[in-house]
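Peer 1: Input: one structure, supplied below.
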Amino acid sequence: MRSLTANFLIAMGMARQRGLAVADSPVTVRNLARRFRIVGLLLVCVGAAVLSYGYHLLADSELVRIGKHANEGTAQHLLAAVQAQVGNRLWQTEARLTREAEPRRFAQFHASMVRLLRHTTGQKVKIYDPAGAVVYSTQLSQVGDQQGKNPAVLGAFQGVAVSVLVYRDRFDAVERQVFERDLLSSYIPARDAAGQVLAVFEIYDDMTPLLAAIRATQWRITALVVTVLLAVYLALDAIARRVLRVIEGQQAGLRASGERLAAAKQVAEHASQAKSSFLANMSHEIRTPMNGVLGMAELLSATSLSDVQRKYVKTLRRSGRSLMALLNDILDLSRVEIGRLELEVRCIDLRRVLQSCIDLMGPRASPKGLTLELAIGAELHTVVLGDPLRLQQVLNNLLGNAIKFTETGKISLSLALDSDAPDAPRYRFEVADTGPGIAQQALARLFEPFTQADSSTARKHGGSGLGLAISKRIVEAMGGVLTVKSSPGAGSVFGFSIALRSASALPAGEESFSSVSPADTLNHGEESIGALNLLLVEDNQVNQIYCQALLEQMGHRVQLASDGEEAVRMAENSNFDMILMDCHMPVLDGFEATARIRELESRHYQSRRLIVALTASAMPQDLLRCKECGMDDVLTKPFTREELRALLRRNV
């Protein structure tokens, strides 16, 4: 579905660039959107059907395997009991024990077999001699039947145990008749000490309860996956509908007269901004349900699951994280396009920034046997003013692409002085790899959104094609230009130069940038903060369930409020250690509720409560608004258990 959406957006972008009008195109954008919706629904249905059927096959095959193994043990146990009572007389040709010849002895043997069978999982047993005749059965009326041509019996005498599931059948169990049950019939060869097959035991097991439990789990997992697929499809369909309306508006403008060309261009630029703003807003709207989807998957993974179920849940969480990475890329791109990308100015050490990039990418390079090198001049002054997070974002993207496309060799990250200006020297950052290189005709479109070097690369390595487009715009915002040098078979070199002021110009009171190691985070995460009395303010029921479950599993007491007005009343009457406040709610939003709580604290001389925003808004102006209304911290949705635990520990 992701590749289908990318192709759909690429096709619409090509239509806009070429100026195709709706009436002039045999396959219009609206028809393309309609096909996209039809194919999307088909993919959801087919995906759910394939998942359900695949789970059915895997579960049944595993059930057959386990049942056959159990019946093999039962057969050996029964063989030992038979030989202890009558030896080999049941299947030998001479002096054979039969019901007609020795009725009393046979009845005693039958009674002992019935008692023995009650202590096993078997419901019925037959014993075949080498000629395929039934020499004994717990259903005595079947003694003497001939099954010499039964493939399962013949295969068992060749030493191959066979088990078959029979659905909704009936059979005569010990002392009763059973109807409409799911049966496992196993044909087990019984061998002597030398390995010779003496007879074949056919053992019936009633698998109806196990299969009923498996079917119930199958439908639950299928329903969960269908819900996720439908949520993703509906979100992408909403984006496609909005983009479709924007493009149709642009096409209408292209049909206008030459006198209105300037106005039409202005409308088109405004429409592009509207599209980016819409993508940012849609990203916010998707984060809220995705927090519930990923959260419920995390809670489900902590329950008792089979290996197959755990594999499905792991796939669900990995797919959800991939979708969130794509949404974050779209959000970054929209920020750049509507001019909302803001850069921080902090004191940073470029050596530490570059080393942290190498440390982060090392685990991705190691499985491929790639060498990561860092080259920084020993005498280079690296304490400067800049935005460490955006710089790391660009370098990590370039290193990630180099690792993705390089199969053997090495990847180097270097820092050098490009020009030594007194006030702001320019630093040159370069990432070089020994990969396959890029053809010259592909370089011109390499930095366009949703574009990769060629279609075969996109199929092999995947990706949305947004990373380089975002990196290019971030570098341009820093005052540089992202460049590439490459040719097929000679690797690639991506680089940029930016001017960075000396750290001596840092304003008084600002802190220098320092990174936190994973070990520090882990050690800090082991500290206990005790049980807290928390107020969770959240209007979304799924997020209520997820957050409350996480907090209660951590040992905290949680009370719920569904809107800001209810939260203000509860905060006035109770003393909470912390209030976790959603920002966008009906009746009264989180911003106004926080302002009212701060007003109550000031009016009644109460101690200041900790209020933390739980928001799906990731735009800088939204985070600034949280701070301005009196919130102490922000946690962006979707979040994980560890992120929530770190938030509590950081503020308590």
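The values are calculated or read from the model by the stated rules, or taken from the named source; none is laboratory data. Only a predicted model underlies this, so the values are computations on that prediction, with no experimental measurement involved. Ideal geometry is used to build each Cβ from the backbone, glycine not excepted, and the neighbour counts take in all protein chains shown. For accessibility, only protein heavy atoms count, side chains too; no ligands or nucleic acids. Shrake-Rupley method; radii C 1.70, N 1.55, O 1.52, S 1.80 Å.
Peer 1: Could you list all residues from the range 47-92 that are over 24 Å from Val308 (Cα atoms), part of a helix (DSSP H, G or I) and open to solvent by 50 Å² or more (accessible area, probe 1.4 Å)?
Peer 2: Going through the range 47-92, the residues over 24 Å from Val308 (Cα atoms) turn out to be 72-92.
The next check asks that each one be part of a helix (DSSP H, G or I); those that pass are 72-86.
Matches in the range 47-92: Glu72, Gln76, His77, Ala80, Gln83, Ala84, Gln85.
Peer 1: Here is a follow-up. Give the residue, chosen from Arg609, Arg625, that is out of contact with any Cys (no Cβ under 6 Å at 6 or more places or on another chain), open to solvent by 30 Å² or more (accessible area, probe 1.4 Å) and either within 30 Å of Asp329 (Cβ to Cβ) or not aliphatic (A, V, I, L, M) (or both). Steps first, answer last, please.
Peer 2: Details: Arg609 fails: open to solvent by 30 Å² or more (accessible area, probe 1.4 Å).
After ruling out the rest, the residue left standing is Arg625.
Peer 1: Go through (1) open to solvent by 50 Å² or more (accessible area, probe 1.4 Å); (2) touching a residue at least 40 places away in the same chain (Cβ under 8 Å); (3) in a helix (DSSP H, G or I); (4) not basic (Lys, Arg) one by one and return the number of the condition Glu373 breaks.
Peer 2: Looking at each condition in turn, Glu373 falls short on (3).
Peer 1: Next question, about the same structure. Open to solvent by 40 Å² or more (accessible area, probe 1.4 Å) and either touching a residue at least 24 places away in the same chain (Cβ under 8 Å) or within 18 Å of Leu294 (Cβ to Cβ) (or both): is that true of Leu230 in this structure?
Peer 2: Numbers: open to solvent by 40 Å² or more (accessible area, probe 1.4 Å): yes; either touching a residue at least 24 places away in the same chain (Cβ under 8 Å) or within 18 Å of Leu294 (Cβ to Cβ) (or both): yes.
Judged against the criteria, Leu230 is a match.
Peer 1: Might you check whether a residue that is surrounded by 14 or more Cβ atoms within 10 Å (Cβ to Cβ), out of contact with any Asp or Glu (no Cβ under 9 Å at 6 or more places or on another chain), modelled with pLDDT under 70 and farther than 30 Å from Leu380 by Cβ occurs anywhere in the range 282-295?
Peer 2: yes
Peer 1: Within the set of pairs 6+ apart or on separate chains, which have a first residue in the range 379-407 that is within 17 Å of Tyr427 (Cα to Cα), a second that is open to solvent by less than 40 Å² (accessible area, probe 1.4 Å) and of a type in the set (Gly, Ala, Ser), and C-beta atoms under 7 Å apart?
Peer 2: Hits for this filter: Val383/Ala503; Val384/Ala503; Leu385/Ala503; Gln392/Ser356; Val394/Ser471; Leu398/Ser471.
Peer 1: Which of the residues belonging to the range 404-416 are surrounded by fewer than 19 Cβ atoms within 10 Å (Cβ to Cβ) and assigned to a helix (DSSP H, G or I)?
Peer 2: The answer is Lys404, and nothing else.
Peer 1: Can you pull out the residues in the range 628-652 that are closer than 19 Å to Met585 by Cβ and free of Cβ contacts under 8 Å to residues at least 12 places away in the same chain?
Peer 2: Residue satisfying the conditions is Glu628 alone.
Peer 1: Restricting attention to the range 612-622, which residues are at pLDDT below 85 and open to solvent by less than 60 Å² (accessible area, probe 1.4 Å)?
Peer 2: Hits for the range 612-622 are Thr615, Ala616, Ser617, Ala618, Met619, Pro620, Asp622.
Peer 1: Return only the number of the condition from (1) modelled with pLDDT under 90; (2) surrounded by fewer than 19 Cβ atoms within 10 Å (Cβ to Cβ); (3) more than 23 Å from the chain's Cα centre (by Cα) that Ala325 does not satisfy.
Peer 2: Of everything listed in (1) modelled with pLDDT under 90; (2) surrounded by fewer than 19 Cβ atoms within 10 Å (Cβ to Cβ); (3) more than 23 Å from the chain's Cα centre (by Cα), Ala325 misses just condition (3).
Peer 1: Can you tell me which residue within the range 628-638, out of those that are open to solvent by 10 Å² or more (accessible area, probe 1.4 Å) and part of a loop (DSSP other than H, G, I, E, B), is farthest from Ser607 (Cα to Cα)? Write out each step before concluding.
Peer 2: From the range 628-638, those open to solvent by 10 Å² or more (accessible area, probe 1.4 Å) are 628-636, 638; that's our starting set.
Applying the additional criterion that residues be part of a loop (DSSP other than H, G, I, E, B) yields 629-632, 638.
Numbers: Cys629: 17, Gly630: 14, Met631: 15, Asp632: 14, Pro638: 31 Å.
Selected residue: Pro638.
Peer 1: Another one. Of the conditions (1) over 30 Å from Leu63 (Cβ atoms); (2) touching a helix residue (DSSP H, G or I) at 6+ places or on another chain (Cβ under 6 Å); (3) of a type in the set (Phe, Trp, Tyr), Phe106 satisfies every one except a single condition; which number is it?
Peer 2: For Phe106, the failing item is (2).
Peer 1: Considering only residues that are surrounded by 17 or more Cβ atoms within 10 Å (Cβ to Cβ), in contact (Cβ under 8 Å) with a residue 24 or more places away in the chain and not hydrophobic (A, V, I, L, M, F, W, C), which ones fall in the range 529-560?
Peer 2: Within the range 529-560, Glu538, Asp539, Asn540, Asn543, Tyr546, His556 qualify.
Peer 1: State yes or no: is Glu430 assigned to a strand (DSSP E or B), open to solvent by 30 Å² or more (accessible area, probe 1.4 Å), in contact (Cβ under 8 Å) with a residue 12 or more places away in the chain and within 16 Å of Ser492 (Cβ to Cβ)?
Peer 2: Yes; evaluated as a whole, the condition is true for this residue.
Peer 1: Conditions first: (1) under 30 Å from Pro209 (Cβ atoms); (2) at pLDDT 80 or above; (3) in a helix (DSSP H, G or I). Arg104 passes all but one, so which condition is the exception?
Peer 2: (1)
Peer 1: Given Asp563, Asp582, which one is open to solvent by less than 40 Å² (accessible area, probe 1.4 Å) and in contact (Cβ under 8 Å) with a residue 40 or more places away in the chain? If you could, list the steps in order and put the result at the bottom.
Peer 2: Details: Asp563 fails: in contact (Cβ under 8 Å) with a residue 40 or more places away in the chain.
Sole residue among the options that is open to solvent by less than 40 Å² (accessible area, probe 1.4 Å) and in contact (Cβ under 8 Å) with a residue 40 or more places away in the chain: Asp582.
Peer 1: Now for a different question. Please verify whether Val134 is modelled with pLDDT of 85 or more and assigned to a loop (DSSP other than H, G, I, E, B), treating the condition exactly as stated.
Peer 2: No.
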